[in-house]
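Participant: Take this structure, written in structure tokens, and hold onto it; I'll ask about it next.
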């Protein structure tokens, strides 16, 4: 077996070694069964149900492995967008710094910048992956947005994190690259999905290409680590308690940016417009209050709300670019269309094009 196994190389011995390295002394894995889970575009996830010998009550009975997609186009995109190196490096270097809920990591390695990588993570069942197409309830949206405080507050204006090459940093050069990328992919996106969009939605999607402001901006103030793709498909939701619990399980896009882009992106993508309009300002206000409780006291409400309104264009950008760079599937088409309608409607509702 190679030093870095593929999904087909995983053995009971390899899994047992990972558990022992994590402090589960004397554990043996006699056998396991595996089941594909999730709906990722760039990676594939497999749940391993373990037949464990020698453990105790704290020894995992199942784990989740994450590997690159089998699709060559998606693998190429994962390397070009640095998604594989970002996710592995997050678990290696940054997970311990933040307090946002994440799965325990038992193994995180990559060959160069990919595509070959392996993650072995805690299985958070009975939590279930969110459904991007169906959307979520306001209660889940509230829980998800408040969880973001655990990512943003610990890295708020984190000057010591700047200069890490794999994180990247928005600057004039990257702003030009992202603008050019958006313009290049826009015709294909509209040719594929335009018939499913309303005229005013198409208009604002096209208008983004000419923006001299969001989403094509340099690093501003305040800044923090941002998840970038914080949406239901990348979250596990445990609804067994009185309040939903949310855990972020996909860190393929992490970078620096305005923290409010994460908040706006989730609210726009996860809630149907009618629900979002009813709870939007209240949930953002709760997030702002939680920042204050976590030591962020120099970020006033008016600035927070303005940054939120600016942040809505991240979703439009992501839908145009991502949809054109990964393997096309029936579910992917429905997801990209649904999200784009929600993101563009959010931008229209908030009058955010005034920031162009």
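Participant: Would it be correct to say that residue 141 is part of a loop (DSSP other than H, G, I, E, B), within 28 Å of residue 282 (Cβ to Cβ), modelled with pLDDT of 95 or more and assigned by TED's automatic domain parsing to the domain that holds residue 315?
Facilitator: Details: part of a loop (DSSP other than H, G, I, E, B): no; within 28 Å of residue 282 (Cβ to Cβ): yes; modelled with pLDDT of 95 or more: yes; assigned by TED's automatic domain parsing to the domain that holds residue 315: yes.
No, not satisfied.
Participant: Turning to a different aspect of this structure: Being in a helix (DSSP H, G or I) and either in contact (Cβ under 8 Å) with a residue 40 or more places away in the chain or closer than 30 Å to residue 290 by Cβ (or both), is that true of even one residue in the stretch 160-170? Give the steps one after another, and end with the answer.
Facilitator: Our first condition is that a residue be in a helix (DSSP H, G or I); within the stretch 160-170, this holds for 160-161.
Filter once more, so that each one left must be either in contact (Cβ under 8 Å) with a residue 40 or more places away in the chain or closer than 30 Å to residue 290 by Cβ (or both): 160-161.
Yes: one or more hits.
Participant: What number of residues within the stretch 330-348 are surrounded by fewer than 20 Cβ atoms within 10 Å (Cβ to Cβ) and in contact with a helix residue (DSSP H, G or I) (Cβ under 9 Å, 6 or more places away or on another chain)? Steps first, answer last, please.
Facilitator: Filtering the stretch 330-348 for residues surrounded by fewer than 20 Cβ atoms within 10 Å (Cβ to Cβ) gives 330-334, 337-338, 341, 348.
With in contact with a helix residue (DSSP H, G or I) (Cβ under 9 Å, 6 or more places away or on another chain) added as a condition, the list becomes 332-333, 337-338, 341, 348.
Residues meeting the conditions: 6.
Participant: Return the only residue of 271, 232, 236 being surrounded by 21 or more Cβ atoms within 10 Å (Cβ to Cβ) and out of contact with any helix residue (DSSP H, G or I) (no Cβ under 9 Å at 6 or more places or on another chain). If you could, list the steps in order and put the result at the bottom.
Facilitator: Working: 271 fails: out of contact with any helix residue (DSSP H, G or I) (no Cβ under 9 Å at 6 or more places or on another chain); 232 fails: out of contact with any helix residue (DSSP H, G or I) (no Cβ under 9 Å at 6 or more places or on another chain).
Residue meeting the stated conditions: 236.
Participant: Also, quick follow-up: Has the stretch 198-206 got any residue that is assigned by TED's automatic domain parsing to the domain that holds residue 141, surrounded by 23 or more Cβ atoms within 10 Å (Cβ to Cβ) and more than 30 Å from residue 98 (Cα to Cα)?
Facilitator: Step one: of the stretch 198-206, the residues assigned by TED's automatic domain parsing to the domain that holds residue 141 are 198-206.
Restricting the remaining residues to those that are surrounded by 23 or more Cβ atoms within 10 Å (Cβ to Cβ) gives 205.
Going one step further and asking which of them are more than 30 Å from residue 98 (Cα to Cα), we end up with 205.
Yes: the stretch 198-206 contains one or more residues that are assigned by TED's automatic domain parsing to the domain that holds residue 141, surrounded by 23 or more Cβ atoms within 10 Å (Cβ to Cβ) and more than 30 Å from residue 98 (Cα to Cα).
Participant: Applying the selection to the stretch 294-306, what residues are without any contact (Cβ under 8 Å) to a residue 40 or more places away in the chain and either in a helix (DSSP H, G or I) or not assigned by TED's automatic domain parsing to the domain that holds residue 267 (or both)?
Facilitator: First, pick out the residues of the stretch 294-306 that are without any contact (Cβ under 8 Å) to a residue 40 or more places away in the chain: 297-298, 300-303, 305-306.
Residues satisfying the conditions are 301, 302, 303, 305, 306.
Participant: Same structure again: State all residues of the stretch 66-78 that are assigned to a helix (DSSP H, G or I) and surrounded by fewer than 18 Cβ atoms within 10 Å (Cβ to Cβ); if no residue qualifies, say none.
Facilitator: To start, the set of residues in the stretch 66-78 that are assigned to a helix (DSSP H, G or I) comprises 72-78.
If the condition is that a residue be assigned to a helix (DSSP H, G or I) and surrounded by fewer than 18 Cβ atoms within 10 Å (Cβ to Cβ), then 72, 73, 76 are the ones that fit.
Participant: Let me spell it out: the conditions are (1) in a loop (DSSP other than H, G, I, E, B); (2) in contact with a helix residue (DSSP H, G or I) (Cβ under 9 Å, 6 or more places away or on another chain), and residue 207 meets all of them except one. Which number is the exception?
Facilitator: With (1) in a loop (DSSP other than H, G, I, E, B); (2) in contact with a helix residue (DSSP H, G or I) (Cβ under 9 Å, 6 or more places away or on another chain) applied to residue 207, the lone miss is (1).
Participant: Any residue at all in the stretch 131-138 that is touching a helix residue (DSSP H, G or I) at 6+ places or on another chain (Cβ under 7 Å), under 22 Å from residue 237 (Cβ atoms) and surrounded by fewer than 16 Cβ atoms within 10 Å (Cβ to Cβ)? Let's see the steps before the verdict.
Facilitator: At the first step, the residues of the stretch 131-138 found to be touching a helix residue (DSSP H, G or I) at 6+ places or on another chain (Cβ under 7 Å) are 131-133, 135-136, 138.
Still in the list and also under 22 Å from residue 237 (Cβ atoms): 131-133, 135-136, 138.
Then drop every residue that is not surrounded by fewer than 16 Cβ atoms within 10 Å (Cβ to Cβ), which leaves 131, 133.
Looking through the stretch 131-138, at least one residue is touching a helix residue (DSSP H, G or I) at 6+ places or on another chain (Cβ under 7 Å), under 22 Å from residue 237 (Cβ atoms) and surrounded by fewer than 16 Cβ atoms within 10 Å (Cβ to Cβ).
Participant: Looking at (1) buried (at least 19 other Cβ atoms within 10 Å of the Cβ); (2) part of a strand (DSSP E or B), which is the one condition that is false for residue 36?
Facilitator: (1)
Participant: Let me ask something else about it. Identify, from the list 42, 63, 94, the residue that is assigned by TED's automatic domain parsing to the domain that holds residue 20, surrounded by 18 or more Cβ atoms within 10 Å (Cβ to Cβ) and more than 17 Å from the chain's Cα centre (by Cα). Show your work before the answer.
Facilitator: Details: 42 fails: more than 17 Å from the chain's Cα centre (by Cα); 94 fails: more than 17 Å from the chain's Cα centre (by Cα).
Being assigned by TED's automatic domain parsing to the domain that holds residue 20, surrounded by 18 or more Cβ atoms within 10 Å (Cβ to Cβ) and more than 17 Å from the chain's Cα centre (by Cα) holds for just one of 42, 63, 94, which is 63.
For (1) assigned to a strand (DSSP E or B); (2) under 11 Å from residue 166 (Cβ atoms), each residue gets a yes or a no:
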residue	(1), (2)
87	no, yes
93	no, yes
96	no, no
100	no, no
103	no, no
108	yes, no
113	no, yes
121	yes, no
124	no, no
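Participant: A follow-up question, please. Counting only residues that are free of Cβ contacts under 8 Å to residues at least 60 places away in the same chain and either crowded, with 24+ Cβ neighbours inside 10 Å or closer than 22 Å to residue 121 by Cβ (or both), how many does the stretch 240-260 have?
Facilitator: The qualifying residues number 3.
One line per residue, one yes/no per condition, for (1) modelled with pLDDT of 95 or more; (2) within 23 Å of the chain's Cα centre (by Cα); (3) within 21 Å of residue 322 (Cβ to Cβ):
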| residue | (1), (2), (3) |
| --- | --- |
| 163 | no, yes, no |
| 166 | no, yes, yes |
| 195 | yes, no, yes |
| 205 | yes, yes, yes |
| 222 | yes, yes, no |
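The values are calculated or read from the model by the stated rules, or taken from the named source; none is laboratory data. As the structure is a prediction and not an experimental result, all values here were calculated from the model. In this analysis, Cβ positions are derived from the backbone assuming ideal geometry, glycine residues included, and neighbour counts consider all displayed protein chains.
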